1. Of all residues being touching a Leu at 6+ places or on another chain (Cβ under 8 Å) and modelled with pLDDT under 95 in the range 177-186, which is nearest to Ile265 (Cα to Cα)? Just the residue, please.
2. Filter the range 117-143 for residues that are touching a residue at least 40 places away in the same chain (Cβ under 8 Å) and acidic (Asp, Glu); which is farthest from Pro253 (Cα to Cα)?
3. If you scan the range 186-226, which residues turn out to be closer than 25 Å to Pro27 by Cα and free of Cβ contacts under 8 Å to residues at least 60 places away in the same chain?
4. Here's a check for you: in the range 1-40, which residue that is at pLDDT 90 or above and polar (S, T, N, Q) is surrounded by the fewest Cβ atoms within 10 Å (Cβ to Cβ)?
5. Residues of the range 171-224 being among the β-branched types (Val, Ile, Thr) and either crowded, with 19+ Cβ neighbours inside 10 Å or assigned to a strand (DSSP E or B) (or both), which ones?
6. So, in the range 244-268, exactly how many residues are under 18 Å from the mean Cα position of the chain (by Cα), of a type in the set (S, T, N, Q), at pLDDT 95 or above and under 16 Å from Val312 (Cα atoms)?
7. If you scan the range 96-116, which residues turn out to be modelled with pLDDT under 95 and more than 20 Å from Ala147 (Cα to Cα)?
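The values are calculated or read from the model by the stated rules, or taken from the named source; none is laboratory data. Just so it is clear, the structure is predicted and the values come from calculations on it, not from any experiment. Note that we place each Cβ from the backbone using ideal geometry, even for glycine, and neighbour counts take in every protein chain shown.
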Amino acid sequence: MGEGCYLSFVIRNYLENMAQEKILLAPGTLWASVKERTEYALQCGALLSIPTEFEFVKQGGVIFLVRILSNLERKKAAKQKQDQQTTPSGKEFNPFLPYEQDLFVADISETHVCILNKFNVVDHHLLIITRAFEEQESLLTLADFTAMWACLEDFPGLVFYNSGKIAGASQRHKHLQLVPLPLVPSGLQTPITPLLTSAKFQGMIATIPGLPFLHAFTLLEPQWVETPFTGAKATLERYHALIQAVGLKTSEPYNLLATREWMLIVPRSQAEFESISVNSLGFAGALLVRNQAQMQILQQQGPMNILQSVGVAIASDTNCG
């Protein structure tokens, strides 16, 4: 090995070791912290869970989970309060800087912290937020993926990222989100799981024949939870490969979904379909409607057709119905 190559090797390994030392989350502790903090936050009123009912709607080989909100008053009141906290200069209120201490779950690293989602629809819905402000539309980084793998070490979950308002982001401060799997108790890990087995690969990147919108799919290695930084480096490379595969440009909106086993990217063209908002969870097969009127629209139009409308449509020889 030449002197220059050796020096690069030493520097690379030094940086890797430094990054590993920055993981503050002790393995095997996150799930217990989540349950403990959830109970505390509910008792003190910091956590304002939004009750839902749910139904299943089948289309395109997917049994979609559709949640129907029972009470949006809490979130409406909080949004009004947030609007009032916007300063006269026009600077937006940032609920993550500082975040509510009563929602704090764990320190993940020197760059990321884990808190509860204040207005959760899914139980134990977590937010992985950057300690310093970063734009939600900015690209994900090695530090973001390191934090993701550190969290996935403790329990199987679906991590997702809504890049920009059109992709469903409600806050500008960069945050990934994590919900435990399976999404449906006693069911599949995600409603779209049956489609993933038909993935058609070209190298490490694949497309899913049953998804009638622009997307790219790749596999991840579950053992990366044991070495979060190593896993993060490999995931970052595949993330950039996914971006290239779908032709995304800087600041264009997209949804990213990842589990221990796979990662999916979906570019977005619009935030909603006939008032039905869609974020990353929709592309996992879990949609949310505000009332029965929206539920009727969803049933009439079909959930896969709605996803196609808010994504970027691609030519398809098959009918989703």
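1. Per the stated criteria, the residue is Leu183.
2. Asp123
3. Matches in the range 186-226: Leu219, Leu220, Glu221, Pro222, Gln223.
4. Looking only at the range 1-40, we keep the residues that are at pLDDT 90 or above, and these are 23-40.
Right, trim to polar (S, T, N, Q) and you get 29, 33, 38.
Numbers: Thr29: 12, Ser33: 16, Thr38: 20.
Going through the qualifying residues, I end up with Thr29.
5. First, pick out the residues of the range 171-224 that are among the β-branched types (Val, Ile, Thr): 179, 184, 190, 192-193, 197, 205, 207-208, 218.
Correct list: Val179, Thr190, Ile192, Thr193, Ile205, Thr207, Thr218.
6. Qualifying residue count for the region: 1.
7. Those that are modelled with pLDDT under 95 and more than 20 Å from Ala147 (Cα to Cα): none in the range 96-116.
Here's the yes/no breakdown for (1) surrounded by fewer than 22 Cβ atoms within 10 Å (Cβ to Cβ); (2) touching a residue at least 60 places away in the same chain (Cβ under 8 Å); (3) touching a Cys at 6+ places or on another chain (Cβ under 6 Å); (4) closer than 22 Å to Ser109 by Cα:
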residue: Ala258; (1), (2), (3), (4): no, yes, no, yes
residue: Ser269; (1), (2), (3), (4): yes, yes, no, no
residue: Leu281; (1), (2), (3), (4): no, yes, no, no
residue: Met295; (1), (2), (3), (4): yes, yes, no, no
